[in-house]
Amino acid sequence: MANVALTRAVTDHGTMSITLDDFAAIVGATPAALRGRRDRDKKFPAPINTDASPLTYFLRDLADWWIQSDLANPDAVDPVATAWWHFTATFEQCSARHGAEATRRLVAGAALLLCERRPPELRLQDSELLTQLRDHATSVEPRFADVAVPSGDFQPDAIPATDREFLSSLISWSGSAHNSRSSNSPRRPRIPDDSPIASQLLVDLRNVRKECRRQLGRDQKLSRQEINQPFIDLIEPLVRGLARDISTRPSSSDLGLTRLMVSIVDPQPGEVVVDLACGQGSTFIEAMRSAQPTQRSTQVIGCIGRERDELVWTIAKIRLGLRGIAHDLGQPSNGLDCELDVRPTYRFITDPGMRIPQLRKWIRRHVDLLEPNAVVALAVPAASVFRSNPGRSWKELQPEIDSVIFTPTDAAVILLRRGAPEWKTLVQIHRMTAAMAERRYREQLVDHAGVEQLEDLPLDAVDPAIEPFMPAQIRRVAEQIGSRVPRPSGDRKPPEGDDDFVQWRPIRSLTLEALGEPRFGDCSAIRDAVPAPDPEPVPAQQPAVRTDPPEPRRRSPRDRVVFAALRDAEKGENTGEDAIARQARELEAQALEAVKVLRWLLDPTTLREGAWKGPLSPKVNGALEELGTEEMRRALRRLELRLLGEETRGRRPKDETGESAEPDPASNDDAQFQ
């Protein structure tokens, strides 16, 4: 019966405190039901602490009350939750006696062995487990994973569960010898062999894995990775607590940013992913999920990483070892200084997380490593791309820059490749919440497929776990500027577009003019980089007749940016002044025609007279009612006068003879809104 596990937990840890939420998970009840009984049942146990939140209780008191209550259901007890709580209670006791870091290392080493293959010699008495683990760590023979990558391109390290030195550093860890790998002094265990609480910790850890395997069912044909995944999900957050705060950079990247860079590079079987600042190994885990969605016995890509912080490096090896991912992390070292024999199959994905003054070294390092067919996805702060003098910061990198992607998290991804085309691509991923993605997805189905209702929204459209990076956005960016997308030959201009909250446009260089005007939800670095136009002052009432010539119209800061971008782009193509003037006239004519169409569309009398063929849909009719205001019509009239060169700013326009004509009512209205 399941109550046996609960009774055993009470016998060993009955005086441990537990919250109602944790106890509800163990007994298979809802926290709300237990809180309701707490308020109504006079026999409900009293909490230990009455002046703190959340309230905690003795496990023995809650268990006794639950077994005697009518809620008790032996079949409802969750054996995984019970085993896990039993393990965490032992973990706290072992940490208090031997130190939290030593306890986490012991758990990590034992978990590696359980996920890889439990040695026969570990099937002994529980009291001898710790001694047998240490003996195994000193005598195990190293083994290497089977990887479908040429050995010259990728030579993996030994499997962590069979790496004698690494496994010994976890199970027989000593504080004095740990920080100096070159030290010849013997390592003395922080946790002695005769520690009963450490032996109990290993027993509880083994029970957790056994219950996780039993929960999946024995009749299912699952791979070793799928069988171990529930156990890994429980152990990994506890092991990652080894990482201390890093002053120079975070030790892990945002999940959405990691998926974005992996999707852009798109590693294929036989290639090698290289991360010179691998942190806790999230890039390799995501790359394996992308390149090897099915659980094969042979790994299809290689993983080469470097990490300078030893604790973070240790966590990376543990995380990769738990998942059985073959890797080459070497020894803790700085990716800027490590020796690397670059191959054409290498694909670089790096998020150094450095401050702006230190990014130049990382960018130059990756440019030097570029092979003809290699690509680099490098994450940098968005504020570093558009600075006060962008030409000086990025001029020498222009030939290698292929694309720049701005994300809503104030991070930018630069895609580098040798011999990048003259035209670059700038991409902006706009901020998108789960509600916005759901609304956009439903609108597309109604418009294109005629579907009125959806019961469940697929994760392919929205995944709140990686907000604000939605899977649809990541996929769209990869389709536009991924490393497998053919680039335009010569100086042919690539296309531009805007859909699914992703906007892309061709640029020639990283300048403020190339960025353009930001949309809603862009990152703060883009909003700070683009100067907002100054509001034009309302002019005073001018006399009816003016003898002096009119002053030339002053361009707003936004106009100056647009005209400067046009001038720089045309000069880059060595276009003559006549061609520039002709192109400008053509653009003005096209804009004037567009304004006339908009004025006609927003005129209600035109629609009532039947000029529009066919009925209007409710969505279009509502949009016209919202936009067809007097202010909108006046704004279009002002824009038309500006394109015609007849904008008066409150002055009467002159007729063909040069005399002041009668004031145009629309022009007078325009002057009030300038």
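The values are calculated or read from the model by the stated rules, or taken from the named source; none is laboratory data. Since this is a predicted model, take the numbers as computed values, not measurements. Here the Cβ is made from the backbone with ideal geometry for all residues, glycine too, and neighbour counts use every protein chain on show.
Check Pro408 against each of (1) in a loop (DSSP other than H, G, I, E, B); (2) at pLDDT below 90; (3) surrounded by fewer than 22 Cβ atoms within 10 Å (Cβ to Cβ) and name the one condition it does not meet.
Failed condition: (3).
Is the stretch 108-118 home to any residue that is surrounded by fewer than 16 Cβ atoms within 10 Å (Cβ to Cβ), over 32 Å from the mean Cα position of the chain (by Cα), at pLDDT 90 or above and under 23 Å from Ile235 (Cα atoms)?
Step one: list which residues in the stretch 108-118 are surrounded by fewer than 16 Cβ atoms within 10 Å (Cβ to Cβ), which gives 117-118.
Narrowing the set further to residues that are over 32 Å from the mean Cα position of the chain (by Cα) leaves 117-118.
Restricting the remaining residues to those that are at pLDDT 90 or above gives none.
Within the stretch 108-118 (the criterion being surrounded by fewer than 16 Cβ atoms within 10 Å (Cβ to Cβ), over 32 Å from the mean Cα position of the chain (by Cα), at pLDDT 90 or above and under 23 Å from Ile235 (Cα atoms)), the answer is no, since none of the residues qualifies.
I'm told Ile197 meets every condition in (1) within 33 Å of the chain's Cα centre (by Cα); (2) among the hydrophobic types (A, V, I, L, M, F, W, C); (3) modelled with pLDDT of 90 or more except one. Can you identify the failing condition by its number?
(1)
Output the number of the condition that Pro399 fails; it satisfies all remaining conditions of (1) assigned to a helix (DSSP H, G or I); (2) under 22 Å from Gln358 (Cα atoms); (3) at pLDDT below 80.
Answer for Pro399: the failing condition is (3).
Failed condition for Gly353, given (1) at positive phi; (2) at pLDDT 85 or above, with all others met?
Against the list (1) at positive phi; (2) at pLDDT 85 or above, Gly353 comes up short only on (2).
Spot the failing condition for Asp460; the list is (1) acidic (Asp, Glu); (2) loosely packed, with under 13 Cβ neighbours inside 10 Å; (3) modelled with pLDDT of 80 or more, and only one is missed.
Unmet for Asp460, out of (1) acidic (Asp, Glu); (2) loosely packed, with under 13 Cβ neighbours inside 10 Å; (3) modelled with pLDDT of 80 or more: (3).
Scan the stretch 343-371 for residues that are surrounded by 14 or more Cβ atoms within 10 Å (Cβ to Cβ) and aliphatic (A, V, I, L, M) and jot them down.
Ile349, Met354, Leu359, Ile363, Val367, Leu369, Leu370
If you take the residues of the stretch 471-496 that are of a type in the set (Asp, Glu) and under 26 Å from the mean Cα position of the chain (by Cα), which of them is modelled with the highest pLDDT?
Start the filter on the stretch 471-496 by keeping residues that are of a type in the set (Asp, Glu), which leaves 479, 491, 496.
Checking the rest, the ones that are also under 26 Å from the mean Cα position of the chain (by Cα) come to 479, 496.
Numbers: Glu479: 90, Glu496: 85.
Looking at residues that are of a type in the set (Asp, Glu) and under 26 Å from the mean Cα position of the chain (by Cα), I get Glu479.
Cβ-Cβ distance below 7 Å, separation of 6 or more or different chains: which pairs start in the stretch 437-448 with a residue that is under 23 Å from Ala465 (Cβ atoms) and end on one that is among the β-branched types (Val, Ile, Thr) and at pLDDT 75 or above?
Close Cβ pairs satisfying both conditions: Ala437/Val462; Glu438/Val462; Tyr441/Val462.
Residues checked against (1) surrounded by fewer than 20 Cβ atoms within 10 Å (Cβ to Cβ); (2) in contact (Cβ under 8 Å) with a residue 60 or more places away in the chain:
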| position | (1), (2) |
| --- | --- |
| Asp21 | yes, no |
| Ala33 | yes, no |
| Asp41 | yes, no |
| Thr50 | yes, no |
| Ser53 | yes, no |
| Ala76 | yes, yes |
| Trp85 | no, yes |
| Thr90 | no, yes |
| Ser95 | yes, no |
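Just need a number here: residues in the stretch 375-396 that are at pLDDT 80 or above and either under 30 Å from Ala148 (Cα atoms) or of a type in the set (Asp, Glu) (or both).
Let us first name the residues in the stretch 375-396 that are at pLDDT 80 or above, namely 375-382.
Filter once more, so that each one left must be either under 30 Å from Ala148 (Cα atoms) or of a type in the set (Asp, Glu) (or both): 375-379.
Of the residues in that region, 5 qualify.
Can you confirm whether the stretch 232-255 contains a residue that is outside any loop (DSSP other than H, G, I, E, B), under 16 Å from the mean Cα position of the chain (by Cα) and modelled with pLDDT under 95?
Taking the stretch 232-255 and keeping what is outside any loop (DSSP other than H, G, I, E, B), we get 232-242, 255.
From what's left, under 16 Å from the mean Cα position of the chain (by Cα): 255.
Narrowing the set further to residues that are modelled with pLDDT under 95 leaves 255.
Yes.
Inspect all residues belonging to the stretch 132-141 and state whether any of them is closer than 17 Å to Leu322 by Cβ, in contact with a strand residue (DSSP E or B) (Cβ under 9 Å, 6 or more places away or on another chain) and surrounded by 16 or more Cβ atoms within 10 Å (Cβ to Cβ).
There is no residue in the stretch 132-141 that is closer than 17 Å to Leu322 by Cβ, in contact with a strand residue (DSSP E or B) (Cβ under 9 Å, 6 or more places away or on another chain) and surrounded by 16 or more Cβ atoms within 10 Å (Cβ to Cβ).
Given the stretch 1-54, what helices (runs of 4 or more DSSP H) lie entirely inside it while holding 3 or more residues that are farther than 15 Å from Trp65 by Cα?
Numbers: elements: 2-13, 20-27, 31-40.
Output list reads 2-13, 20-27.
With the requirement that a residue be under 26 Å from Pro230 (Cα atoms) and surrounded by fewer than 24 Cβ atoms within 10 Å (Cβ to Cβ), what does the stretch 326-342 give you? Give the derivation first.
Going residue by residue through the stretch 326-342, those that are under 26 Å from Pro230 (Cα atoms) are 326-329.
Within the stretch 326-342, just Asp328 meets the criteria.
Somewhere in the stretch 65-77, is a residue more than 41 Å from the chain's Cα centre (by Cα) and modelled with pLDDT of 85 or more? Before the answer, list the steps.
Let us first name the residues in the stretch 65-77 that are more than 41 Å from the chain's Cα centre (by Cα), namely 65-74.
Add one more test, that the residue is modelled with pLDDT of 85 or more, and what stays is 65.
Yes: one or more hits.
Which residue pairs have Cβ atoms closer than 9 Å, lie 6 or more positions apart in sequence or on different chains, and pair a first residue in the stretch 126-145 that is under 15 Å from Leu106 (Cα atoms) and in contact (Cβ under 8 Å) with a residue 60 or more places away in the chain with a second residue that is hydroxyl-bearing (Ser, Thr, Tyr) and assigned to a loop (DSSP other than H, G, I, E, B)?
Pairs that qualify, where the first residue is under 15 Å from Leu106 (Cα atoms) and in contact (Cβ under 8 Å) with a residue 60 or more places away in the chain and the partner is hydroxyl-bearing (Ser, Thr, Tyr) and assigned to a loop (DSSP other than H, G, I, E, B), are Leu130/Ser195; Leu133/Ser172.
Would you mention how many residues in the stretch 165-184 are modelled with pLDDT of 70 or more and either over 35 Å from the mean Cα position of the chain (by Cα) or not assigned by TED's automatic domain parsing to the domain that holds Phe144 (or both)?
Residues in the stretch 165-184 being modelled with pLDDT of 70 or more and either over 35 Å from the mean Cα position of the chain (by Cα) or not assigned by TED's automatic domain parsing to the domain that holds Phe144 (or both): 1 in total.
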